[in-house]
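Please treat every number below as a calculation from the coordinates, not as lab data. Just so you know, these numbers come straight off a predicted model, no measurement behind them. Cβ sites come from the backbone with ideal geometry, for glycine too, and all protein chains shown count toward neighbours.
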Amino acid sequence: MASPGPQSAVQLLGRERECAVIDRVLADAGCGVGGALVVRGEAGIGKSAMLEYAVQRAVPGMLVLRVGGVEAESDLAFAGLHGLLRQVLVHLRELPQPQSAALAGALGIASSTGSDRLLISVISALLRTEGAEVADIGTGEAAVAVATAFRPTVAIVDVTPADTSGFVIADRLRALPDGPAVVLTSSAGRCRFTSQLDNYRFVAKADLRVQTI
């Protein structure tokens, strides 16, 4: 968001020293000199007011990115990063390719060769809001053990878990008495596994939504 300019900033009584530090950092930023400040203290001492002062004092035309911590999102990997960068993702391709690919993968807007923790966390959180109990299992063998003990309704299985083939795990889960509905998923698209998917339901990780499950 573009700031309204320093002339509209509210003065904070008793915080002249802190305000002067903020003003100096913002002035440096306006001249192309980077900086960082950490505002910390006990609840209720005015940290939010200081941050609002900084937003109001930003140089006219300066882009201000804001994100707030939400306790309900504390277990969502990269949730804060997504909130912070959401309005500038249109510039993602301007980054060098390795950084652009890594960031896009972390935020779930492109296939990722690395961790898919954000997507897993988001889907888990959405299911929990619908009243479902969710277990995030790291290996295929552990998934079979948990499914045997707890009889889940749905199992989302990575095609390439760390310990074995996702197709093998899917078959074992479907063979369980009253076994779960099984959805195979992968960072790679369906075309990579077309010849193997005739008897399986598959959703690419980038397309995972509660509605698709």
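So who's got an amide H within less than 5 Å of the one on V183, skipping anything under 5 residues away but keeping other chains? H placed 1.01 Å off N, in plane.
A155, I156, V157
When a footprinting reagent is the concern and you count Cβ atoms within 10 Å, what order do I45, I169 take, fewest first?
The order, fewest Cβ neighbours first, is I45, I169.
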